[in-house]
1. What list do you get for Val460, Val436 if you sort them by fewest beta carbons within 10 Å?
2. Normalised by the number of residues in the chain, what is the relative contact order in percent for Cα pairs under 8 Å and 6+ residues apart?
3. Counting only helical runs of four or more DSSP H residues, what would the 222 nm mean residue ellipticity of the chain come to if each run contributes -39,500 (n - 2.57) and the total is spread over all its residues?
4. Tell me the trypsin sites (Lys or Arg not before Pro) within the stretch 294-402 that lie in a loop according to DSSP and have at most 16 other beta-carbon atoms within 10 Å.
5. What whole number of Å gives the distance from the Cα centroid of the stretch 135-197 to the Cα centroid of the stretch 380-457?
6. Report for the stretch 67-174 the percent antiparallel among DSSP-assigned beta bridges with both residues inside it, nearest 5.
7. Evaluate the relative contact order of the stretch 1-97 (contact order divided by residue number), counting alpha-carbon pairs under 8 angstrom at least 6 apart; express in whole percent.
8. For every other residue with a beta carbon closer than 14 angstrom to the beta carbon of Phe56, add +1 if it is Lys or Arg and -1 if Asp or Glu, then tell me the sum.
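Derivation of every value follows stated rules applied to the coordinates shown; laboratory data play no part. These numbers were taken from a predicted model, which means no experiment stands behind them. So basically every Cβ, Gly included, is an ideal-geometry build from the backbone, and we count neighbours across all protein chains shown.
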Amino acid sequence: MKYLSTRGDTTPRGFSDILLEGLAPDGGLYLPTHYPQVDAATLARWRGLSYADLAFEILSLYIDDIPSADLKRLTHATYTEAVFGTPEITPLKPLGDGLCLQALSNGPTLAFKDMAMQLLGNLFEYELGRRGETLNILGATSGDTGSAAEYAMRGKQGVSVFMLSPHGRMSPFQQAQMFSLQDANIHNLAVEGVFDDCQDIVKAVSNDLEFKRRHKIGTVNSINWARLLAQVVYYFAGYFQATKTDAERVSFAVPSGNFGNICAGHVARSMGLPIHRLVLATNENDVLDEFFRTGRYRVRGSAETFETSSPSMDISKASNFERFVFDLLGRDAARTRELFAEGVVRHGGFTLDAAEAARCAGFGFVSGRSTHADRLATIAATWRASGVLVDTHTADGLKVAREHRDAGVPMIVLETALPAKFAATITEALGAQAPVPPRPAALAGLEDLPRRFSVLQVDVGAVKACIEAHAG
């Protein structure tokens, strides 16, 4: 299996090369040359596998430059009951009315990002050890990616992490998770802007090829194909739990900001997993909902990016969206480059022509948006009806999922995080008698721990200087 860029660079690269590279040299995102097809016999064979074995089978379709025995050892070391709390790893929880919740947030940082990041940490350490190299990871987070990456990479040999976050725009729990880490290889950079500013800096540094190569810059954001590939696994795992035969279909509702989580569903569907609908849910930052309703992709500036109670989705430039558009356009790299390298950069977005927009229907996407009032109502209604507490982002997913149910088709809502990360909004939704969202004992008193972070202006040069001063 080889990988190509969405913007036309066809230099053949193996998985291990793009694992460490992040963005392609032409600024595009890597995708496999094709999506391996999974037939009914394969689905039947996979149905009874453990999560670790399922991960090995799916990853093996895309990774041919890591020996099978090593890859199996890595998946089994990653997906354990000790790390994720249950033997199923991502168990389903029925909510009634054909809806169920897929638990993705039982890892170390209580967010779905752990599902991929824990594997990524092990893959990085393995590949760097094999090559005798080091890597400086540069990432941007709106809340959960940062802590998941840092907890996965802390103490890893050969890896340093430089994580940008929007200063003051994460929940108190999210900030404490990241900034309380004292590991020498972890560097938290709080940028006085919004998430999109952080993401733009990461891309600018990555596009400086001389700097990137000199300092061995890699990424853990969803622009890294390895992370997205790891997320494909839980779509298959959810499907097998929700169905009894391989002729059944399911739909998935996915809270979405940067388009990485739901893009993994697009990949799973493209492989042949019987997905009826991919239901994309946004908060008030509804760039992606607008696109799927109108064919127009309009990036918002900082002033138009709302600070909401589902902060991990406060994103107005979905960097991972380019992968889907590339597939939508029949893998036309020139047209993709025109839309993203020119349209987004020069005009702040683009509008598909009528023929291009019409193709969207064939990919199974529908969308909707949720507001703060919707979140409060959904959290309260779900608690009253089923005794299940959900976080604010998952509430967005549930709200939109209910708008797109089809009779006889199970709807799996992907859990984003545990409600403990957003306790203030849970209390607002349920009142003074709200249950205290549980958190693991290891995270008790998290907000009271000493913090270690630097505050920077929105300045590419300042971030480069920090990397130069502290790079491993």
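1. Working: Val460 16, Val436 11.
Going from sparsest to densest Cβ surroundings: Val436, Val460.
2. On the way: 922 pairs, mean separation 92.3, N = 472.
Computed value for the chain: 20 percent relative contact order.
3. On the way: 20 runs with 196 residues, N = 472.
Per the formula, -12000 deg cm²/dmol.
4. Working: sites: Arg296, Arg298, Arg300, Lys317, Arg323, Arg331, Arg335, Arg337, Arg346, Arg359, Arg369, Arg375, Arg384, Lys399, Arg402; in loops: Arg300, Lys317, Arg331.
Passing both the DSSP loop test and the Cβ count: Arg331.
5. Taking the Cα centre of the stretch 135-197 as reference, the centre of the stretch 380-457 is 21 Å away.
6. In the stretch 67-174, approximately 40 percent of DSSP beta bridges are antiparallel ones.
7. Working: 94 pairs, mean separation 23.6, N = 97.
24 percent.
8. On the way: positive: Arg45, Lys72, Arg73; negative: Asp53, Glu57, Asp64, Asp70.
Its environment carries a net charge of -1.
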